[in-house]
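The values are calculated or read from the model by the stated rules, or taken from the named source; none is laboratory data. Everything numeric here is computed off the predicted structure, so don't read it as measured data. Because the Cβ atoms are built from the backbone with ideal geometry, glycine has one as well, and the counts that use them run over all protein chains shown. We work out accessible area using only protein heavy atoms, side chains counted, and drop any ligands, DNA or RNA first. Shrake-Rupley method; radii C 1.70, N 1.55, O 1.52, S 1.80 Å.
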Amino acid sequence: MLELGSNESQPFGEFYFVEGDHIKFAIEVYGVSVSVAADSLVLSERLFEVADRAMLGQCRLLDAGSAIAEHEFVITESGSGNYELTSVGEYTTASGDLRQTLELFVRILRIKISQFAKGRVFVHSGVISWGGKAIMIPGNSGSGKTTLVAECVKRGALYFSDEYAVLAPDGLVHPFARALSITNGGRKWSEDGIPVEKLGGRAATEPVEVGAVVLTSYEPGAEWQPERLTPGNGIIEVISHTIPMTIDAEFSLKVLKSALSRAIILRGVRGEASDFAELLFSFCNREF
Amino acid sequence: MNNPQYPTARKAGLVVQEVPDEVLVYDLDTNKAHCLNKTAAAVWRFCDGKTSVPEIAQFLSSESGTNVDSDLVWLAIDQLNESSLLEVQVEPKFQGQSRREAIRKIGIASMIALPIVASLVAPKSAMASASCNCQGDAGTNNSLVCTTNPVGCPPHCNLAGICSSTPN
């Protein structure tokens, strides 16, 4: 394990250090410390840059000295322009060229942060706000939540995230306003997403309370006739999208209760995202 | 397996959280989440290993101000049992048709809500619900790779370019 400390006022060059054949640096984000080793300074700088961008500028560089990194990555060039990424203690994967390796690195990093974040519970969910309250749209990949979030922000909803609802113990949901991961021709490049401003929308900067949770999936021609769930039944549905649930169930459940016990929780299939967005806003205008 | 008249609520390995009129229970052993409605939660609360089923019915009667039959308590016990929320497994009193019949009869006669235990399994790995994306350089989906596969996403990319358990 690497010994770490913190200092956020100095540039990257002040924080990396050499260990064996590797250039190392360490970051802290959402209270999780991560060390990254690479076989060149250029690659190290690039890794920090993509990590910080993926975590929306919230990576704080740590200096060697006083704490222990909880997670470690090693990225090395394996010849012929290929790179090997190792998440120490877990697995190694040779993922090909630099771009693919960087994408894989930031995705695994983001997953780790979402699992182990201190004082926050990450729920896999799209989030927007309307009328000052958040609407959470939990769902797995491919459930259409990014499409729905995009339609909502085009119609004036404030953008929080197309990926995570970041819940705090006080029940508020915080923005994780990354560029939207819009599917294009069957290929998704999450790190080259579309900024919400390009959709004519705005990103939230402040946390808000959760007004509604919409458990829905797209079905061609479906009519929105939702069932309203009790808070308890709604929360157990959201549990299946709650990333740290199997790591810290007690904290996760407490935060879910705090965030969702007063929210309206609806479940049902929906038709086209554009039509549904209008229905959703009409509903919220009546209920919020 | 026995059929104790004195059921005991399981405590170990559970995370319990009360919400208005319901109790949420998360089973750390199975990663199952349960939601007990008010009646099921009340029965579970009385399952202390010292109180018999008829006595639980009596307590519920005095709490609710209406007559509660032992069969209603058994409906709750059966569901708590199936959800592994009792210390010792019991033989179910009502199963299949017999349970549907009991629910119909008790539902008509009862002034309080029938006990319900709703359950859902959380993904074994949080990664199963996290975004995983297909990527690759060639123009066909066959060359795409689900990039977070090492941490639990499905292994293939389907024709829609979405990570899937099957290739197409």
Neighbouring partner chain Cβ atoms per residue of A:258-268, average, 10 Å criterion: 1
Using a 1.4 Å probe on heavy atoms of the protein chains only, the accessible area for A:Tyr30 in Å², nearest 10, reads 40 Å²
Just how much of A:Glu272 is accessible, in Å², when a 1.4 Å probe is used and the result is rounded to the nearest 10? 90 Å²
So if I take the centroid of the Cα atoms in the stretch B:30-53 and the same for the stretch B:60-117, what is the distance between those two points in Å? 11 Å
Can you give the mean number of other chain Cβ atoms that lie within 10 Å of the Cβ atoms in peptide B:27-34? 3
Over chain A, relative contact order from alpha-carbon pairs under 8 Å, at least 6 apart, %: 15 percent
Short to long, in 5 Å steps from zero, the percent of alpha-carbon pairs of the stretch A:3-116 per bin is 2, 12, 25, 28, 21, 9, 3, 0
From highest to lowest solvent-accessible area (probe 1.4 Å; ligands, DNA and RNA excluded), A:Arg107, B:Arg104, B:Arg10 read B:Arg104, B:Arg10, A:Arg107
Please report how far the C-alpha centroid of the stretch A:106-175 lies from that of the stretch A:220-288, rounded to the nearest whole angstrom. 12 Å
Accessible area (Å², per residue) of chain A, counting only protein heavy atoms and a probe of 1.4 Å: 40 Å²
Percent antiparallel among DSSP beta bridges with both residues in the stretch A:3-116, to the nearest 5? 85 percent
Please pull out the direction-averaged projected area of the stretch B:10-57, using the convex hull of its alpha-carbon atoms, in nm² to one decimal place. 3.5 nm²
Quick check on the stretch A:121-287: of the DSSP beta bridges with both residues there, what percent are antiparallel, nearest 5%? 65 percent
Exercise: per-residue mean of other protein chain Cβ atoms within 10 Å, A:76-86: 0
Note the full-extension length gain between A:Ile247 and A:Ser282 as 0.36 nm times their separation in residues minus their Cα-Cα distance, in nm to one decimal. 8.8 nm
Gaussian network model of chain A, Cα springs within a sub-10 Å range: biggest mean-square fluctuation belongs to which of A:Gly13, A:Gly119, A:Gly144? A:Gly13
Bin by bin, in steps of 5 Å, what percent of the Cα pairs in the stretch B:14-121 do you find, going until the bin that has the longest distance? 2, 13, 23, 25, 21, 12, 4, 0
10 Å-binned pair-distance histogram of the stretch A:134-274 (Cα, whole percent): 12, 41, 37, 11, 0
Counting only DSSP beta bridges with both partners in chain A, the antiparallel fraction in percent, to the nearest 5, comes to 75 percent
Can you give the helix-only mean residue ellipticity at 222 nm for chain A, where every DSSP H stretch with n ≥ 4 adds -39500 (n - 2.57) and the sum goes over all residues, rounded to the nearest 500 deg cm²/dmol? -8500 deg cm²/dmol
For a quick size check, give me the Cα extents of chain A along its three principal axes, largest first, whole Å. 62, 41, 32
Place a point 7 Å from the Cα of B:Glu101 in the direction of its beta carbon; the residues of the stretch B:76-92 whose amide N falls under 20 Å from it are B:76-79, B:91-92
